[in-house]
Amino acid sequence: METRPINQQFFQETASWQFLKNSIIYYRGQPIGTVAAQDPELAALNYDQCFLRDFVPSAFVFLMNGQTDIVRNFLIETLTLQSHEKQMDCFQPGAGLMPASFKVELNGSEEYLVADFGEQAIARVPPVDSCMWWILLLRAYVTATGDLPLVRQPQFQQGIKLILDLCLVHRFSMYPTMLVPDGAFMIDRRMGVYEHPLEIQVLLYAALRAARELLLPDRDGEKYLKKVHDRLGALQYHIRNYYWVDLKRLREIYRYKGNEFGKEVANKFNIFSQSIPSWVIEWLPENGGYLAGNLGPGRMDFRFFALGNLMAILAGLASEAESQRIMNLFVHRWEDLIGHMPVKICYPALQGLEWQIVTGCDPKNIPWSYHNGGNWPVLLWLFTAAALKTGRVELAHEAIAIAESRLTEDKFPEYYDGKNGRLIGKEARIYQTWTIAGLLVAKQFLANPDHIQLISFPETFIGNGCSL
């Protein structure tokens with residue numbers, strides 16, 4: 001990536017930049033990551049740890065500011081934490097799995113790292129997305145620095161292959177998508193996002209594209225590259241053809257016949273028209289569309305999930321036309337998806353009996369709160385990148401202006417509550433590091449749009465699709 005002069009005015013000692021610097025974790029005298037939050041009013045719990053997914057926007061700020069050592073150290077040390085167990089069983093992580101988080105502990109005067117692979121998490125769910133974010137951050141680091149010797153080291157090549165072994169393993173499945181448990185990514189509580197949730201499929205697609213750039217074609221590298229190429233083509237075909245929702249697609253589903261058997265059928269997943277929720281029929285604009293939240297046997301989750309759709313634009317998984325229609329949806333449903341604090345994590349919220357059944361009466365995920373329709377300012381950086389990639393820079397400017405008008409005064413909360421994000425989250429931490437970093441990254445993307453190369457892929461992958 002072409003290096004441009006750092007925008008020094010942007011990186012002055014502002015309050016947000018100072019909070020980000022204060023969040024840095026040091027290990028044996030070297031910066032290695034950032035804590036999740038610096039809330040002085042609540043017990044730390046695991047918010048004093050460095051989460052792999054949380055560190056990504058912080059890493060982007062450091063990369064764009066020329067402070068690349070912390071990102072390099074993070075990549076090296078988290079690679080040493082990667083699991084090398086042969087299988088996942090009895091609360092032991094399987095080979096290739098990256099931890100959800102880690103912390104620095106002392107044994108006398110000796111520092112060491114302690115990782116959590118989900119064995120201490122709520123419901124003991126493994127972090128499926130950590131290894132994918134790790135590959136994407138490795139690509140961003142190489143793009144920003146040109147440090148090819150690092151990624152060419154045998155341990156890094158092996159680390160990528162272990163992740164691919166974990167993600168591309170043979171399963172009891174006919175689909176190219178990954179089967180995962182509920183709560184295995186940013187939505188880390190029971191929310192009906194088990195099976196084949198969009199976010200994981202898009203992150204898998206992006207990670208495979210990154211691995212294709214980073215893997216060397218030596219020894220068994222060619223074998224892995226072929227596996228990656230084949231899965232990319234199948235995954236792209238599957239998501240584009242079966243997850244996409246617009247009014248044309250709704251009209252087709254509405255007239256589906258159920259219980260069809262055979263290869264050449266319209267209703268391949270046995271979706272019943274009665275499962276179409278009434279809200280989506282009125283909510284979808286004529287020129288809008290999005291990728292559905294989930295798809296499986298007899299099941300289509302029509303909820304809109306922001307991270308999966310925004311990343312689909314950046315990864316080239318959504319076509320150019322689909323990308324524009326996703327951004328059109330943001331325009332037409334601005335109050336619902338952006339509101340008083342960008343960006344709503346999913347829409348609409350589960351309510352009533354559905355909330356009770358799907359979430360298990362989760363008091364933290366009540367309607368329009370936390371993962372259940374809350375507004376997460378960290379998503380601002382991905383929204384800004386998607387807006388720039390689709391040529392909709394005015395949307396990025398408007399969203400950033402909304403966020404800037406509140407975040408400093410509100411002390412950078414983790415999330416916001418309410419249908420339009422008017423309330424600081426009931427249990428939100430303040431001085432949440434990825435909230436701070438999300439705003440800084442978004443502003444720097446506007447200052448230097450070339451930086452979206454760190455997370456964006458330049459063109460759609462061309463491969464051999466396969467259909468069911």
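The values are calculated or read from the model by the stated rules, or taken from the named source; none is laboratory data. Since we're looking at a predicted model, the values are computed, not measured. Reconstructed Cβ throughout: ideal geometry from the backbone, glycine too, with neighbour counts over all protein chains shown. Note: accessible area is taken over every heavy atom of the protein model, side chains too, but ligands, DNA and RNA are not part of it. Shrake-Rupley method; radii C 1.70, N 1.55, O 1.52, S 1.80 Å.
Given a cut-off of under 8 Å on Cα pairs at least six residues apart, what relative contact order in percent is computed for the chain? Contact order relative to length: 16 percent.
Rounded to two decimals, what is the ratio between the C-alpha radius of gyration of the range 153-229 and 2.2 N^0.38 Å? Walk me through the numbers before you get to the answer.
Values: Rg = 13.9 Å, N = 77, 2.2 N^0.38 = 11.5 Å.
Relative to the 2.2 N^0.38 Å estimate, the range 153-229 comes out at 1.21.
Would you kindly work out the equivalent ellipsoid of the range 157-304 from its C-alpha gyration tensor and give its semi-axes, the square roots of five times the eigenvalues, largest first in whole Å? Please report the intermediate quantities before stating the final value.
Details: eigenvalues 200, 56, 42 Å².
They are 32, 17, 15 Å, listed largest first.
Amide H contacts of residue 429: 414, 415, each under 5 Å away and 5 or more positions distant or on a separate chain (H built 1.01 Å from N in the peptide plane; Pro and chain starts excluded). Only one residue of 386, 448, 317 has its Cα farthest out toward the positive end of the dipole of the chain, where Lys and Arg carry +1 and Asp and Glu -1 on Cβ, and that residue is 317.
A probe of 1.4 angstrom, applied to the heavy atoms of all protein chains, finds residue 19 with accessible area near 60 square angstrom. Across every direction, the projection of the convex hull enclosing the Cα atoms of the range 283-407 has a mean area of 8.3 nm². Sorting the Cα pairs of the range 128-185 by distance into bins of 10 Å, from 0 upward, gives 20, 44, 26, 11, 0 percent per bin. Stokes-Einstein diffusion for the chain at 4 °C, viscosity 1.567 mPa s, with a Kirkwood radius from C-alpha pairs, works out to 57 µm²/s.
Just flag the trypsin sites (Lys or Arg not before Pro) in the range 189-244 sitting in loop per DSSP whose Cβ has no more than 16 other Cβ atoms within 10 Å.
Working: sites: 189, 190, 209, 212, 219, 223, 226, 227, 231, 240; in loops: 189, 190, 219.
Hits after loop and neighbour filter: 219.
Here the range 354-378 and the range 299-346 have alpha carbon centers that stand 19 Å from each other.
When you restrict to C-alpha pairs under 8 Å that are six or more residues apart and normalise by the size of the range 92-197, the relative contact order lands at 26 percent. Using the rule -39500 (n - 2.57) for each DSSP H run of four or more residues, divided by the residues of the chain, the 222 nm mean residue ellipticity is -13000 deg cm²/dmol.
Rolling a 1.4 Å sphere over the protein heavy atoms, what is the accessible area per residue of the chain, to the nearest Å²? Could the numbers behind the result be given before it?
Working: 19570 Å² over 468 residues.
On a per-residue basis, 42 Å².
Protein heavy-atom surface of the chain, 1.4 angstrom probe: 52% of the accessible area is carbon and sulfur, with nucleic acids and ligands not counted.
Summing charges over neighbours of residue 111, with a neighbour being any other residue whose Cβ is under 10 Å away from its Cβ, gives -1 when K and R count +1 and D and E count -1. When only alpha carbons are used to place a centre, the range 206-233 and the range 95-149 end up 22 Å from one another.
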